[in-house]
Every structure is written in structure tokens, then in C-alpha cells.
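> Can you keep this structure in mind? I'll have questions shortly.
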Amino acid sequence: MSWLLANLDMVLSLTLDHIWLSVVPIVLGFLLAVPIGAIANRYHLVRGTLVTASGILYAVPSLALFVLLPSIIGTQILDPLNVIIALTLYAVALMVRTTADALADVEPDVIQSAKAMGYSTWGRLVRVELPLSGPVLLAGMRVVAVSTVSLVSVGALIGVNSLGYLFIDGFQRNFPLEILVGIIGTVVIALVFDGLLVLMGRFLLPWSRITRTNGRLIVVQDDPVVINP
Amino acid sequence: MIEFRSVTKQFPDGTRAVDSLSLVIPSRKTTVLVGSSGSGKTTILRMINRMVDPTSGVVEIDGDDIAGKEPVKLRRGIGYVMQNSGLLPHRKVIDNIATVLYLTGVARGRARGRALELMDTVGLDRAFADRYPSQLSGGQQQRVGVARGLAVDPNILLMDEPFGAVDPIVRSELQQELLRLQRELGKTVVFVTHDIDEAFLLGDQIAILKTGGEIAQLGTPTEILSNPADDFVSSFVGTDRGARALHLAPGRFGNLVIDGTGRPAGILVNESPTEGPSWPGQTRGPSTDGR
Ligand SMILES: Nc1ncnc2c1ncn2[C@@H]1O[C@H](COP(=O)(O)OP(=O)(O)OP(=O)(O)O)[C@@H](O)[C@H]1O
Ligand SMILES: [Mg+2]
């Protein structure tokens, strides 16, 4: 405990680094993936290519990507940008597919009726198809959030500071408490992000929680499965 | 008036859903397209609001070729009601009804006011306004669908098997409701069904369709029942089996009407129904031919 109190400043600053390094890829990943996913859903040829490409990308180990990026895009080896870009790519890879699938799953009846009412293609996408994909997008973002938070730690191996630094340092000094603090901190951040996403879902997708008391049961968000590349 | 002039629709996969169809749909009347599955009813209906464009031929509304109209704008001026209502699951009932009003730029407050009025029009309790569609019964959802179709007070209302997915009692309620609405509003209704009884009940004019959108017979219910054009029509309306040949038999409370299968179809009463629903073989009240 005394170690934690003595190093509180460092732990807090690493926590902030960790949060920052996770938030940017999560938000950017979403903003980039949704339009790409929409394009993938619209043009079938593009879809195959994009889905395959993102599948392959997702299979590249994160450490390899962190190390390779500087030579590909010319950043400094210690630049946090490497981690941010790499994790954004993972987020995009996961969400493009999720978005395309979610859009493809929107009830054809609803699309036809939106068309019949006089929505333009663009209006229909933004006002009808994307909102209706909301629950699936949310489930995808919960996976992205949790996996991004955990992947940020790996960046510590290439010298980009985050709570992951505590694992490495604790391991090298054979000091389990430090490792434990790192793990707990990471898990807490992941849980908070997840909770925030769920709250956003409640607020933005009130309709998706409605269940019928009699007969057909509708919706309710899936619990995310966490996958680490 | 809506006019199809030798309209053909061939889908990219080669299916000829409609083959050189010519048809006039008079204003302020209900025209019913009836035919078995795959006979091209939906395709015909969707060529009226350009959800489907003909491969060849011309569709005119009040003398204007609709091929020259902007589809999105055209659709906003035509009501469309479909089976399973097609309501937007993420919008409350009131917003579903007001959707087209929002799209055409009507202020939110006014649009919602109008939506509430429409709920009265279609016989829906205003208490449902803030519910989501999934919280309504199938029949209530269809009422919302009809209210939504009427939102911009369109001259034309397209209805694609709107009552196909509800139970017989609710269906009959909705049919009566539509007859009442039509007496009050006098829209040009194009109604698709595969239920010949529904067609006879609702239609001023009925088009019986064979595969390929070919019209087997076009006429009033009386004309079709009394003088079916061919065997196809006879078997479709049930006159071939004598199912519609009615005779009287004395019953405990008066004369029973017995149908061709020997089942009592009703009792014969003396007063003639001037008000209220029309029935097969009888044309409804005064119908003014506007526009
Ligand atoms: N988008 C499409 N692409 C290819 N073929 C189509 C398409 N839409 C309809 N068809 C075909 O055109 C024919 C007529 O279809 P349509 O939906 O108009 O029939 P319908 O009379 O409405 O049938 P139902 O009573 O089952 O609704 C069918 O053979 C159908 O398979
Ligand atoms: Mg159909």
C-alpha cells in the first residue's frame, strides 16, 4: 500500500495516458468504420475486399504492428502515434465488418417503407438504417473498447507509457503489487468505458430495450466477447 | 386518375412480373388488384410511386408521365401502407405518423398535432402516441400504418395487403374502418389483396390478375360475380363450384341464405342497407368522380 501512496502521482499520470491512448482509437475507429461499413454494405464488390482486408489486419499481432508502423509511415519509434494508429486500425477492422453486417440485417420491410415515405438514400441511411443498427454497433463498440484498453498496455513494450508500464516494471523488479495495480487499473478503465457505452446506449437507443410482455420478445444488447489479437 | 399504358416490368434476373399492362384507375374510388401470389400486384403498385420503374410503357398520374418526376418528391405525396405495417421500430407512434410531415419540412409541433388528429381519424387511442410500435398489437400497428399513409393528406393511397397479417375479426374491423374513411375522405385508393372477399367488400373496381400482371377481368363486383369473363375468373371468385350460388331455406328465425357448399351464409333481412358497409354485388353510396 505504501508503494501505491508513494507513487500515486505516477500511477495517476499513467492512468491518464492509458485513457487518452484508448479513447482516441475508440472514437476515431467508430467515426472511420461507420462510413466505410456503409460503403461496404452498399457495394457488394467493395464489401468482399474490405471484409477480407480487415480480417487479415485483425490477425496481425499488435506488437508487430507497433514495431512495423514507424518504418511504414515514418514516425519516431517512441511516438505514441504508433500505438494510436495501430489501435485505430484494429478498431476499424472490427467495426467495418460489424457495421456492414448490422446494416445488411435491417428489416427489408422497414427499408421499403422508408423508401415509400420519401426518404432519400442518404436520409434513409442516417435516419433509419444506422439508428436501427444501433444495438449491434453498440455491442461491437463494447468489444472494441475493452480490447483497445487492454491492447494499450502492449505499447509499454515499445516505450509508450500507459498502465502497461507497471506490468513491465513490476515484472523486472519482481514486485507483484505493482503488477496488480497495473492490472486493476486497466480493468477499472475497461469497466468504466463499458459502463459509459451501455449508458449511451440507454440514452440513444431507448427503443431497443422495449420488450413485449405478450408474445414476441425483441432485442436487448448482447454481451461482448473479448478477443485479443 | 392513374393510367398504365402498355407497361412492362422485367427484373434484371429476367422475371417478367408485368407484361404490357394497360389499366385505368379512376380518381376517388377504390381499385382492388387481386390475384394469387406472384401475379405482379406489388410490382404494379410500386410502379405508381416509382419504387419500381417500368422497363417499357408509361405510367401517368392525372395526365402527367411520372417518369419525369423526382421519385423522392413523388413518394412524399403518395400514401403507402404495407403488410406488417413497416413502421420504424425506433420511433414512437406519433413520430411514425408524422414522419412524412417532418420530411416535407412541417414544423415539429404542427406535425405532431396533425399526427394526434390522425390517430382519432383511424380510431387509435391517443394514449398510444408515446409507445413504440413493438408495444402495439398487429391491428393497432396497421392503424398506425394507415394514419401514416394519410399524414400528408395525399390524393392517392397505395395499400399492399395492409390487413393480410391480422386475425379475421380485426381484419373485418379494419375493413369497415377503411370503408368509413373512404366515404369521408374519398381518396384514390389502390388496394392489393389475394383475398377475393376483401376485394368484393372494398372495391369499386376490381382487377383480377393472372401471372405476369395480365388482367383476367376488370369490373365492378357485380359485373364480375354475375358475368365472369372466363374459367380462371370463375374459379378465382368461386362461381365455378357454385360456392357463390345462394339459395334460401326456411330457418327458425326467418329465411336462411345457404351457399353452394350447403353452409348457412346468413339470414335474409328485409331492410336494405343504405348506410353502412357495402357487400358483394352492391355498389356503394354516391361516388363523385373528381379530378
Ligand atoms: N426485385 C425483384 N427481382 C426479381 N424478381 C422479382 C422482384 N420483385 C418481384 N419479382 C418477381 O416478380 C413476380 C411478381 O412479384 P410481385 O411481388 O409483384 O407479386 P405479388 O402479386 O405482389 O405477390 P404476393 O401476393 O406474393 O405479394 C414474382 O415472380 C416475383 O418473384
Ligand atoms: Mg405482393
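The values are calculated or read from the model by the stated rules, or taken from the named source; none is laboratory data. Just so we're clear, the structure is a prediction, and the values are computed from it rather than from any experiment. As a convention, Cβ positions derive from the backbone with ideal geometry for all residues, glycine included, and neighbour counts pool all protein chains shown. Side chains included, ligands, DNA and RNA excluded: accessible areas come from the protein's heavy atoms. Shrake-Rupley method; radii C 1.70, N 1.55, O 1.52, S 1.80 Å.
> Those residues that are within 12 Å of another protein chain (Cβ to nearest Cβ) and either outside any loop (DSSP other than H, G, I, E, B) or crowded, with 18+ Cβ neighbours inside 10 Å (or both), I need them from region B:53-83; list them, please.
Within region B:53-83, B:Pro71, B:Val72, B:Lys73, B:Leu74, B:Arg75, B:Arg76, B:Ile78, B:Gly79, B:Tyr80, B:Val81, B:Met82, B:Gln83 meet the criteria.
> Can you list residue pairs whose Cβ atoms sit under 8 Å apart, with the first residue in region B:218-229 being over 14 Å from B:Leu201 (Cα atoms) and the second being assigned to a helix (DSSP H, G or I)? Count only pairs 6 or more apart in sequence or on different chains.
Correct list of pairs: B:Pro228/B:Ser234; B:Pro228/B:Val237.
> Now, a different point. How do the helices (runs of 4 or more DSSP H) wholly within region A:105-204 filter down when requiring 2 or more residues that are in contact with a strand residue (DSSP E or B) (Cβ under 8 Å, 6 or more places away or on another chain) and surrounded by 22 or more Cβ atoms within 10 Å (Cβ to Cβ): which remain?
It comes to A:108-117.
> OK, next. Those residues that are open to solvent by less than 10 Å² (accessible area, probe 1.4 Å) and out of contact with any helix residue (DSSP H, G or I) (no Cβ under 7 Å at 6 or more places or on another chain), I need them from region B:14-29; list them, please.
B:Leu23, B:Ile25, B:Ser27 - these are the residues of region B:14-29 that are open to solvent by less than 10 Å² (accessible area, probe 1.4 Å) and out of contact with any helix residue (DSSP H, G or I) (no Cβ under 7 Å at 6 or more places or on another chain).
> Another question about this same structure. Being part of a helix (DSSP H, G or I) and either within 21 Å of B:Glu3 (Cβ to Cβ) or within 19 Å of the chain's Cα centre (by Cα) (or both): is that true of B:Arg110 here?
no
> Also, I was wondering about something else. Which residue, of B:Val166, B:Val100, B:Val144, is in contact with a helix residue (DSSP H, G or I) (Cβ under 9 Å, 6 or more places away or on another chain), in the same structural domain as B:Ile61 (by TED's automatic domain parsing), among the β-branched types (Val, Ile, Thr) and under 30 Å from B:Val24 (Cβ atoms)?
The conditions single out B:Val100.
> Something else: Can you give me the number of residues within region B:35-50 that are within 12 Å of ligand 2 (Cβ to nearest atom) and either in contact with a His (Cβ under 8 Å, 6 or more places away or on another chain) or at negative phi (or both)?
Summing the residues that are within 12 Å of ligand 2 (Cβ to nearest atom) and either in contact with a His (Cβ under 8 Å, 6 or more places away or on another chain) or at negative phi (or both) in region B:35-50 gives 10.
> Right, something else. Taking only region B:72-97 into account, find how many residues are within 16 Å of ligand 1 (Cβ to nearest atom) and either not assigned by TED's automatic domain parsing to the domain that holds B:Leu150 or not small (Gly, Ala, Ser) (or both).
Qualifying residue count for the region: 5.
> Still on this model: Whether any residue in region B:182-194 is within 16 Å of ligand 2 (Cβ to nearest atom), under 22 Å from B:Ile48 (Cβ atoms), more than 14 Å from chain A (Cβ to nearest Cβ) and open to solvent by 10 Å² or more (accessible area, probe 1.4 Å) is what I want to check.
For region B:182-194, residues within 16 Å of ligand 2 (Cβ to nearest atom), under 22 Å from B:Ile48 (Cβ atoms), more than 14 Å from chain A (Cβ to nearest Cβ) and open to solvent by 10 Å² or more (accessible area, probe 1.4 Å): present.
> What are the residues in region B:241-289 that are of a type in the set (Gly, Ala, Ser) and either at pLDDT 50 or above or over 22 Å from B:Thr220 (Cβ atoms) (or both), if any?
Passing the criteria: B:Gly242, B:Ala243, B:Ala245, B:Ala249, B:Gly251, B:Gly254, B:Gly260, B:Gly262, B:Ala265, B:Gly266, B:Ser272.
> Looking at region A:75-104, which of its residues are surrounded by 22 or more Cβ atoms within 10 Å (Cβ to Cβ) and more than 30 Å from A:Trp20 (Cβ to Cβ)?
If the condition is that a residue be surrounded by 22 or more Cβ atoms within 10 Å (Cβ to Cβ) and more than 30 Å from A:Trp20 (Cβ to Cβ), then A:Leu103 is the only one that fits.
> Can you say whether B:Val32 is open to solvent by less than 40 Å² (accessible area, probe 1.4 Å), within 16 Å of ligand 2 (Cβ to nearest atom), assigned by TED's automatic domain parsing to the domain that holds B:Ile196 and not in a helix (DSSP H, G or I), as far as the supplied structure shows?
Judged against the criteria, B:Val32 is a match.
> Let me ask you something else. Would you check which residues across region B:95-114 are touching a residue at least 12 places away in the same chain (Cβ under 8 Å) and more than 9 Å from chain A (Cβ to nearest Cβ) and list them?
Correct list: B:Asp95, B:Asn96, B:Ile97, B:Ala98, B:Leu101, B:Ala111, B:Arg112, B:Arg114.
> Is there a residue being part of a loop (DSSP other than H, G, I, E, B), within 10 Å of chain A (Cβ to nearest Cβ) and at positive phi anywhere in region B:85-94? Steps first, answer last, please.
If we filter region B:85-94 for residues that are part of a loop (DSSP other than H, G, I, E, B), which is where we start, we get B:85-92.
Going one step further and asking which of them are within 10 Å of chain A (Cβ to nearest Cβ), we end up with B:85-92.
Pick out the ones that are also at positive phi and you get B:85-86.
Yes; the residues of region B:85-94 include at least one that is part of a loop (DSSP other than H, G, I, E, B), within 10 Å of chain A (Cβ to nearest Cβ) and at positive phi.
> Working only within region B:30-49, note down all residues that are away from every other protein chain (no Cβ under 14 Å) and more than 9 Å from ligand 1 (Cβ to nearest atom).
Correct list: B:Thr30, B:Thr31, B:Val32, B:Val34.
> Can you pull out every residue in region B:178-202 that is within 16 Å of ligand 1 (Cβ to nearest atom) and touching a helix residue (DSSP H, G or I) at 6+ places or on another chain (Cβ under 7 Å)?
B:Val190, B:Phe191, B:Val192, B:Thr193, B:Ile196, B:Glu198
> Restricting to region A:119-165, count the residues that are more than 14 Å from every other protein chain (Cβ to nearest Cβ) and of a type in the set (Val, Ile, Thr). Show your work before the answer.
Of all residues in region A:119-165, those more than 14 Å from every other protein chain (Cβ to nearest Cβ) come to A:139-165.
Retained after the next criterion (residues that are of a type in the set (Val, Ile, Thr)): A:143-144, A:146, A:148-149, A:152, A:154, A:158, A:160.
Final tally of qualifying residues: 9.
> Ok, one more. How about region B:35-50: which of its residues are open to solvent by less than 20 Å² (accessible area, probe 1.4 Å) and assigned to a loop (DSSP other than H, G, I, E, B)?
Across region B:35-50, the qualifying residues are B:Ser39, B:Gly40, B:Met47, B:Ile48, B:Asn49.
> Is region B:115-127 home to any residue that is touching a helix residue (DSSP H, G or I) at 6+ places or on another chain (Cβ under 8 Å) and facing another protein chain (nearest Cβ under 10 Å)?
no
> How many of the residues in region B:12-29 are more than 14 Å from chain A (Cβ to nearest Cβ), out of contact with any Ser or Thr (no Cβ under 8 Å at 6 or more places or on another chain) and more than 14 Å from ligand 2 (Cβ to nearest atom)?
Matching residues across region B:12-29 total 4.
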